[in-house]
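Here's the structure we're looking at; comments come further down.
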Amino acid sequence: MEKAFNSVLLLLLLIVLMLFHLVVASLAMTQTNITTDQSALLSLKSQIISDPFHLLDKSWSSATSVCHWIGVTCGSRHQRVISLNISDMTLTGKIPPDFGNLTFLVSLDLCSNNFYGNLPREMACLHRLSFNGSIPSLFSNISTLQILSLTYNSLEGQIPKEIGNLENLRFVSLAGNKLISSIPPSLSNASMLVTLYLHNNFLQGNIPEEFGKLQNLNDLAIQSNRLTGSISISIFNISGIESIALLHNALSEKLLSDMCDGLPMLEELYLSSNKLFGHMPLSLLNCHIPISVFNISSLKKLSLRRNNIIGSLSREVGNLTKLQILQVNENMLTGEIPKDVSNLIELVGIIQCSNRFTGSLSTEIFNISGMREIELFGNNLTGTLPLNIEKAKGKESNDIVSDHPTLPAVKRSGAKALA
């Protein structure tokens, strides 16, 4: 019995030792330091089949510190390789997978060499690197390209008009860069485009009318730029589009009464923080049109905040039964908030503050179980709130906000942008 117990104990000890060995080995594999930096560069050197000026031959040697090698710069704080510039050396070779161990690299210049083969997927570990300079027009030579994603780098200059020549392109994201000038109308020639993200740049001028030709477009995001002029009505003729985001620009246009008549698939519409004016289009209600039993379109998010919209909020808004976000704050809307809003049982946020709404507020709004945020301050609402509002089911985290003396604030918070 004792022998059997000792055997089991020995087996357990061996398992523990094996697990410990695996953990240590795993840590050793993932941990990088100046030694792994040196090994990565020596691996690169081993892949160079032609070094006509013997620049790496003479300098890159384990006999000297990697920080003193030609083209290499180390950071003073961590003593890791932060910059590699081996441009104009006429080198020929491949980039090895070990290159992904240069995890402190913030600058990489391999210009004017003859590197070939695929970029190793391990380079995705170089999270401190970002592209800069302009977008090369040579992309137009890759006729089979379907996805072009250069999101959140430091790219400057203009969007190359040649991108429109890529007839197989499906997805383009140039968001989060420093791109300037206008959006080239030639982008509309990429007729297979499904997704176009150009947001968070410094783009100027108008939205090209030609965008209406992108009939396969599903998602358009060009918010947070410096676009001016009118909203291109042509984009409201793209029948299959599901999301349009134009917020945070300087677009100035009267809202057209029929702007949503041709958008049966629209789910998200963001027009806030522009200079739009006019009445709230009744056609917004047409964004919820069942086109068949199996394909029902419904608006889920509507954001029109910070414009100059006048008129009242139509009671037909209650027909948008899939609506989750209703954001019309900081306009000049008048009249009562229709009781039909309480029909929107999927609402999680209703933000109608800083308008000119009057009358009483339907208490049924507070019965919407998923509601997380209600902001109505800065209006002329009257009446009282339900006494048991804070005990209502699902309302523990709601923000009920009002500045009117007869509509007391139950909870107060800063304005939150849901879009």
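Assorted remarks:
- Ignoring aspartates and glutamates fewer than eight residues from LYS275 along the same chain, the ones with Cα atoms less than 17 angstrom from its Cα are GLU253, GLU330.
- For ILE309, distant residues with modelled amide H under 5 Å away: MET332
- The fewest-to-most ranking of ARG372, ARG356 by surrounding Cβ atoms within 10 Å reads ARG356, ARG372.
- Computed from backbone phi with θ = phi - 60° and the Karplus coefficients 6.51, -1.76 and 1.60, the 3J(HN,Hα) list for segment 44-58 is 4, 4, 5, 8, 7, 9, 8, 10, x, 9, 6, 5, 6, 3, 7 Hz; x is used for glycine and proline.
- Per-residue HN-Hα couplings for segment 86-103 [Karplus 6.51, -1.76, 1.60; θ = phi - 60°; Hz; x = Gly/Pro]: 10, 6, 6, 9, 6, 7, 10, x, 10, 9, x, x, 4, 4, x, 7, 7, 6
- FRET efficiency, 1/(1 + (r/R0)^6) with R0 51 Å, evaluated for ILE233 and PHE53 via beta carbons: 0.25
- Span from the segment 167-191 Cα centroid across to the segment 38-57 one, whole angstrom: 38
- Each listed q (0.09, 0.14 Å⁻¹) maps to a log10 I(q)/I(0) for segment 68-205 from the Debye sum over equal C-alpha point scatterers, namely -0.34, -0.79.
- Using the Cβ-Cβ distance between SER369 and SER181 with R0 set to 41 Å, the FRET efficiency from 1/(1 + (r/R0)^6) comes to roughly 0.25.
- Sorting the segments 105-112, 171-178, 160-167 by their mean number of nearby beta carbons within 10 angstrom, highest to lowest, gives 171-178, 160-167, 105-112.
- Scanning residues 5 or more positions from LEU108 or on other chains, those with amide H under 5 Å from its amide H are LEU84, with H placed 1.01 Å from N in the peptide plane.
- In segment 80-162, chymotrypsin sites (Phe, Trp or Tyr not before Pro) in a DSSP loop with at most 16 other beta-carbon atoms within 10 Å: TYR116, PHE131, TYR152
- Computed across segment 206-276, the Kirkwood hydrodynamic radius from all distinct Cα-Cα pairs reaches 12.1 Å.
- Loop-located chymotrypsin sites (Phe, Trp or Tyr not before Pro) in segment 34-81, at most 16 other Cβ atoms within 10 Å (DSSP): PHE53
- Equivalent ellipsoid semi-axes, segment 129-220, via Cα gyration tensor eigenvalues times 5, rooted, Å: 19, 15, 12
- Amide H contacts of PHE357 (H built 1.01 Å from N, in plane; Pro and chain starts excluded): ASN380 sit under 5 Å, all sequence-distant by 5 or more or on other chains.
Read-outs: derived from the displayed coordinates by stated rules, not from any lab. Remember, predicted model here, so these are calculated numbers, not experimental data. Cβ coordinates were reconstructed from backbone atoms using ideal geometry, including for glycine residues, and neighbour counts include every protein chain displayed.
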